[in-house]
Amino acid sequence: MSTTTGASVQLIRNATVLVTVGDTTFLVDPIFSPAGANPPVSNSPNDRRNPLVPMPDVDLSYDAVVVTHRHPDHWDEAAQEELADDVPLFCQPSEADAFTEEGFVDVRPVEDEVSFAGVTIHRTPGRHGHGELAEDMGPVSGFVFEADETVYVAGDTIWYEPVQETLDRFAPELVVLNGGEAQFEQGAPITMGIEDIAAVRDATDAMVVVVHMEAINHCLLTRDELRSATEAVHVPEDGEQIRL
């Protein structure tokens, strides 16, 4: 529904972003719950209720929805209830049936790549943590949106070789990373921290934007900490749009 050419990302809250490529806009990982409506992530260093912050007052205009994975900080009951049941909804193949069971009638699982409104959508690998914990977290995906410009939304992943391979393969102009260094009481972080983000920054000439911060109780890395420890990385506030 956007008429803006080029590419941009607008952070809504947490990992909920509007990605615009050309004149097509995708709503990625929608969570619409009011602040404090959901319980804290269990086995975490604090017991603050989620989301930690309210939705910003933004215009949610989009052409399709993309869900990287169905963890409740990326897909919540409020989004399930508020989204139109006929919205084009792109997802991992393993989770397509769950969306259909929730009443969505235009579910489009992405095995490798699909096309939509002039944009080629590629599904890319992710590793949601380290070792056995990553296995326990289940499958996660990133997505590349390719038109005149290319945007890579990495999803919930740490820095590992397939992220490098995705950067090399697609040479995106804009990269969106899930930071926050989310973690439990035991084990290593399950989303990117400072070292992961710096590795991406070193691996690409793209504009790098980091989201997934200061909205969920187990995300411990703050925006200010990330800004002070990295260079040439954009760390938007909720509601802020960053354009190429």
Looking for something within 26 Å of His234 (Cα to Cα), open to solvent by less than 20 Å² (accessible area, probe 1.4 Å) and part of a loop (DSSP other than H, G, I, E, B) - is there at least one such residue anywhere in segment 32-40? yes
Members of segment 61-75 that are polar (S, T, N, Q) and surrounded by 19 or more Cβ atoms within 10 Å (Cβ to Cβ): Thr68
Could you identify the single residue in Ser44, Ser61 that is touching a residue at least 12 places away in the same chain (Cβ under 8 Å) and within 29 Å of Asp136 (Cα to Cα)? Ser44
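So, Glu165, is that one modelled with pLDDT under 95, farther than 29 Å from Ala84 by Cβ and open to solvent by 60 Å² or more (accessible area, probe 1.4 Å) or not?
On the way: modelled with pLDDT under 95: no; farther than 29 Å from Ala84 by Cβ: yes; open to solvent by 60 Å² or more (accessible area, probe 1.4 Å): yes.
No; evaluated as a whole, the condition is false for this residue.
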Inside segment 21-60, can you point out the residues that are more than 27 Å from Ala7 (Cα to Cα), of a type in the set (Ser, Thr, Tyr) and within 19 Å of the chain's Cα centre (by Cα)? Ser33
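Looking at segment 199-217, which of the residues that are assigned to a helix (DSSP H, G or I) and either in contact with a strand residue (DSSP E or B) (Cβ under 7 Å, 6 or more places away or on another chain) or at pLDDT below 95 (or both) is surrounded by the fewest Cβ atoms within 10 Å (Cβ to Cβ)?
First pass over segment 199-217, keeping only residues assigned to a helix (DSSP H, G or I): 199-203.
Filter once more, so that each one left must be either in contact with a strand residue (DSSP E or B) (Cβ under 7 Å, 6 or more places away or on another chain) or at pLDDT below 95 (or both): 200-201.
Values: Val200: 22, Arg201: 18.
The residue in question is Arg201.
Keeping to segment 218-234, report how many residues are farther than 12 Å from Val175 by Cα and not in a helix (DSSP H, G or I). Lay out the reasoning, then the answer.
Residues of segment 218-234 farther than 12 Å from Val175 by Cα: 218-232.
If we keep only those that are not in a helix (DSSP H, G or I) too, we end up with 218-222, 230-232.
Result for segment 218-234: 8.
Residue-by-condition table, conditions (1) in contact with a Cys (Cβ under 7 Å, 6 or more places away or on another chain); (2) open to solvent by 60 Å² or more (accessible area, probe 1.4 Å); (3) closer than 21 Å to Thr20 by Cβ; (4) at pLDDT 95 or above:
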residue	(1), (2), (3), (4)
Pro172	no, no, yes, yes
Gly180	yes, no, no, yes
Gln186	no, yes, no, no
Ile194	no, no, no, yes
Asp224	no, yes, no, yes
Leu244	no, yes, yes, no
Among what's in segment 89-101 and is of a type outside the set (A, V, I, L, M, F, W, C) and surrounded by fewer than 17 Cβ atoms within 10 Å (Cβ to Cβ), pick the residue that is farthest from Ser61 (Cα to Cα). Ser94
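Rundown of residues vs (1) closer than 22 Å to Ala154 by Cα; (2) touching a Gly at 6+ places or on another chain (Cβ under 6 Å), yes/no style:
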residue: Pro30; (1), (2): yes, no
residue: Arg49; (1), (2): no, yes
residue: Asp57; (1), (2): no, no
residue: Leu60; (1), (2): yes, no
residue: Ala64; (1), (2): yes, no
residue: Arg70; (1), (2): yes, no
Exactly one of (1) under 30 Å from Gln186 (Cβ atoms); (2) open to solvent by less than 50 Å² (accessible area, probe 1.4 Å); (3) assigned to a helix (DSSP H, G or I) is unmet by Val53. Its number? (3)
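Considering only segment 118-138, state which residues are under 30 Å from Phe184 (Cβ atoms), more than 14 Å from the chain's Cα centre (by Cα) and either at pLDDT 95 or above or surrounded by 22 or more Cβ atoms within 10 Å (Cβ to Cβ) (or both).
Initial filter on segment 118-138 (under 30 Å from Phe184 (Cβ atoms)): 123-138.
Now narrow it down to the ones that are more than 14 Å from the chain's Cα centre (by Cα): 129-138.
Correct list: Gly129 only.
Residues Val114, Val105, Val176: which one is of a type in the set (A, V, I, L, M, F, W, C) and either closer than 27 Å to Arg48 by Cβ or crowded, with 17+ Cβ neighbours inside 10 Å (or both)? Lay out the reasoning, then the answer.
Values: Val114 fails: either closer than 27 Å to Arg48 by Cβ or crowded, with 17+ Cβ neighbours inside 10 Å (or both); Val105 fails: either closer than 27 Å to Arg48 by Cβ or crowded, with 17+ Cβ neighbours inside 10 Å (or both).
Sole residue among the options that is of a type in the set (A, V, I, L, M, F, W, C) and either closer than 27 Å to Arg48 by Cβ or crowded, with 17+ Cβ neighbours inside 10 Å (or both): Val176.
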Note on segment 181-222: residues without any contact (Cβ under 8 Å) to a residue 60 or more places away in the chain and closer than 20 Å to Ala7 by Cα are Val200, Arg201, Thr204, Asp205, Ala206, Met207, Val208, Val210
So, Phe143, is that one in a helix (DSSP H, G or I) and within 19 Å of Pro30 (Cβ to Cβ) or not? no
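The values are calculated or read from the model by the stated rules, or taken from the named source; none is laboratory data. Note that the structure is predicted; figures quoted are calculated from it, not measured. Glycine also receives a Cβ, built like all others from the backbone with ideal geometry; neighbour counts cover every protein chain displayed. Only protein heavy atoms, including side chains, enter the accessible area calculation; ligands, DNA and RNA are left aside. Shrake-Rupley method; radii C 1.70, N 1.55, O 1.52, S 1.80 Å.
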